[in-house]
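Undergrad: Could you have a look at this structure, given as structure tokens, before my questions?
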Amino acid sequence: MKIGLHTRLRPGVAARYDELHRAVPRELVDAIRAAGFTEWHIFRQGEDLFHCIEVDDYEAAIAAIADLPVNVEWQATITELMADADDYNDALRSHLELVWDLSW
């Protein structure tokens, strides 16, 4: 399943957000993969963030990482930068239906 999230940064923090994402802790990356996420892309346009995620069961995968200390610490750091943060509810999440794909 493909999931789309739209979140927004607070003004003036985009460089810090980008910097943090250049060094996502390996332990967190491993936990995300182990939870079942197979793709996670974040695109930024100004302060708007667009997450494109591929996972078999989003709710189960989020539940698997939600209380891990490395994720709790990461979320605390990232949430400080967010104007609209993902609190894992349905308000920011959409199931994306593939309409067209340019594959080589």
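Since every read-out is calculated from the coordinates, none of them should be taken as a lab result. Quick caveat, the model's predicted, so the values are computed rather than measured. Note: ideal-geometry Cβ built from the backbone for every residue, glycine included; neighbour counts use all protein chains shown.
Undergrad: Pick out the one residue from E47, E73 that is over 19 Å from H95 (Cα atoms), without any contact (Cβ under 8 Å) to a residue 40 or more places away in the chain and in contact with a Leu (Cβ under 6 Å, 6 or more places away or on another chain).
TA: Residue meeting the stated conditions: E47.
Undergrad: A further question follows. Check off (1) within 14 Å of the chain's Cα centre (by Cα); (2) surrounded by 13 or more Cβ atoms within 10 Å (Cβ to Cβ) for H21 and give me the number that stays unchecked.
TA: (2)
Undergrad: Could we say that E27 is surrounded by 12 or more Cβ atoms within 10 Å (Cβ to Cβ) and acidic (D, E) here?
TA: yes
Undergrad: Additional query: State which residue pairs qualify: first residue touching a residue at least 12 places away in the same chain (Cβ under 8 Å) and over 17 Å from D84 (Cα atoms) and inside the stretch 10-39, second residue surrounded by 12 or more Cβ atoms within 10 Å (Cβ to Cβ) and among the charged types (D, E, K, R) in any location, beta carbons under 9 Å apart, and separation of 6 or more residues or different chains.
TA: From the stretch 10-39, the pairs are P25/E73; L28/E73; G36/D57; F37/E54; T38/E54; E39/K2; E39/E54.
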